[in-house]
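S.K.: Below is the structure I would like to discuss, written out as structure tokens.
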Amino acid sequence: MATNTIDAPLELVVPKPIVRTASPAFSQQRIPELDGIRALAIWMVLLNHLFFGYPNPAGALAHIPNVILGVISHGWLGVDLFFILSGFLITGILLDSKTRPAYFRNFYSRRALRILPLYFTVIALMWLCYAGASRFFLISLAFLANFSHYLNAGVPHGAAVFWSLSVEEHFYLLWPLLVLYLSRRNLTILSVLIVVGTPLLRGVCAARGMDLDAEIYLYSWFRFDGLALGALLAIWVRTPYSTARNSFKLAALLLAGALIITLVGFPFGLMQRGTLGAALRYTQSQLPFAAFILSALTLRATMWTALLRSSFARLSGDLSYCIYLIHLAIGDAYEYLTQALNLNVAGVVGAFGTVLVRAAVILLVTFAVALLSRKYLEAPFLRLKRVFS
């Protein structure tokens, strides 16, 4: 199974009148529910890796109901949820700032301050810990981690999460330029073409024998549809048509699209590894995720989105970037130390207990490091973003 990641958290700025009014006038505000959506995405990935990211003793998961294991095993879809959220947030920021001076300087400077300090620090530390992986870390410095297969660079387990940052950075190399010079109508048309065309491209290339995990799952042009779908949401909420009623109708249409894909594609192998699955499996999940984001925005500040506004969701969302970058490597360190010290954890706590102990250690250490990183590494650079507002 391909390792999955979640990308760098973004500034949560969206226009205030998303669904309450049809007015085209906008004001800036923070939407707490978006922190909760980002938290949901990181926990999907975390749970998947905690249970399936490392070798488990025989029978360790035998007593967990299959339905629960099935849900956890699909945590890899958390990266698609974040791609949509990222496309929504970044495109919204670009749309709201396209008439302001220093458009490109401000965007790229603020993004660099958010992403690069932690990213380069993690690369440096992992470079010291994973022997024989210099080629991979060199290409990761240039955000080419998702082309490791093509560049014949072995991927250390803990650093495999870098791929989705590469996808995002490739998308945002040209996207600010397109947002600036295209009208909203043409930007909408382009985004729709990407959403529709990317699955077709995946299907054609899968049929021609491209590797489903090392190429189609990772290469940037096969994953742009989620980001473009988020861009369409950003455009939608900035139109006078985005009333609550219309937004719920759009969410229903997105869910209906996913249902149609499932019903029509299931008999032909949609849920299996193959051409159809490679083409539409991501789309099948992206459409409900987009509906969920739109519904959460429509119901923001109500009882229906209370969990997304909880303190735990806010904390998980705030720390998600660092958590995502380091959690697999923390687990690798745990596995290395238990073997080096010859610790028989299974003999003390049993097979399932081994999974739980490992998960507890990974979570405690990961959150602790993420809190320290937020305070002493990331926050000083984030404060510099005000220079480029």
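The values are calculated or read from the model by the stated rules, or taken from the named source; none is laboratory data. None of these values were measured; they are calculated from a predicted model. Every residue, glycine among them, receives a Cβ derived from its backbone with ideal geometry; neighbour counts consider all protein chains shown. What goes into the accessible areas is simple: the full protein's heavy atoms, side chains included, and nothing from ligands, DNA or RNA. Shrake-Rupley method; radii C 1.70, N 1.55, O 1.52, S 1.80 Å.
S.K.: Aspartates and glutamates within cross-link reach of Lys375: Cα-Cα under 20 Å, excluding same-chain residues under 8 positions apart?
M.R.: Cα-Cα hits under 20 Å: Asp7, Glu11, Asp35, Asp318.
S.K.: Okay, next question. What is the sum of charges, Lys and Arg at +1 and Asp and Glu at -1, for the other residues whose Cβ falls under 10 Å from the Cβ of Leu308?
M.R.: +2
S.K.: Starting from the eigenvalues of the Cα gyration tensor, five times each then square-rooted, give me the equivalent ellipsoid semi-axes of the range 194-264, largest first, whole Å.
M.R.: 29, 15, 8
S.K.: What number comes out for accessible area per residue over the chain if the probe is 1.4 Å? Units Å², please.
M.R.: Here the residues of the chain average 45 Å² of exposed surface.
S.K.: About its Cα centre, how strong a charge dipole does the chain have in debye, to the nearest 20, once Lys and Arg get +1 and Asp and Glu get -1 at the Cβ?
M.R.: Charge dipole, the chain, about its Cα centre: 1400 debye, nearest 20.
S.K.: Separate question: Taking the Cα centre of the range 333-389 as the origin, how large is its charge dipole in debye, to the nearest 20, when only Lys and Arg (+1) and Asp and Glu (-1) carry charge on their Cβ atoms?
M.R.: Dipole about the Cα centre, nearest 20: 460 debye.
S.K.: Sum up the charges of everything whose Cβ sits under 12 Å from the Cβ of Ala160, counting Lys and Arg as +1 and Asp and Glu as -1, but leave Ala160 out.
M.R.: Residues close to Ala160 contribute a combined charge of -2.
S.K.: For the range 252-371, with all protein chains present and a 1.4 Å probe, just round the carbon and sulfur fraction of the accessible area to a whole percent.
M.R.: 74
S.K.: What number, rounded to the nearest 500 deg cm²/dmol, is the helix-based mean residue ellipticity at 222 nm of the chain, given -39500 (n - 2.57) per DSSP H run of at least four residues and division by all its residues?
M.R.: -22000 deg cm²/dmol
S.K.: Right, here's the next one. Of all the accessible heavy-atom surface of the range 52-111, with the other protein chains kept in place and a 1.4 Å probe, what percent is carbon and sulfur?
M.R.: 67
S.K.: Okay, moving on. Using a 10 Å cut-off on Cβ atoms, rank the peptides 349-362, 165-178 from the highest mean neighbour count down.
M.R.: Ranking, from highest mean packing down: 165-178, 349-362.
S.K.: Moving on to the next point. What is the local net charge at Thr275, summed over the other residues whose Cβ is closer than 12 Å to its Cβ (Lys, Arg +1; Asp, Glu -1)?
M.R.: Combined, the nearby Lys, Arg, Asp and Glu give +4.
S.K.: At a Förster radius of 22 Å, what calculated FRET efficiency corresponds to the Cβ-Cβ distance of Leu151 and Val204, to the nearest 0.05?
M.R.: 0.40
S.K.: In nanometres, what is the gap between the two model label sites at Lys385 and Phe266, each 7 Å from Cα along Cα-to-Cβ?
M.R.: Rounded to a tenth, the inter-label distance reads 4.2 nm.
S.K.: May I ask you to derive the FRET efficiency for Arg184 and Leu337 from their Cβ-Cβ distance with R0 = 41 Å, giving the value to the nearest 0.05?
M.R.: 0.15
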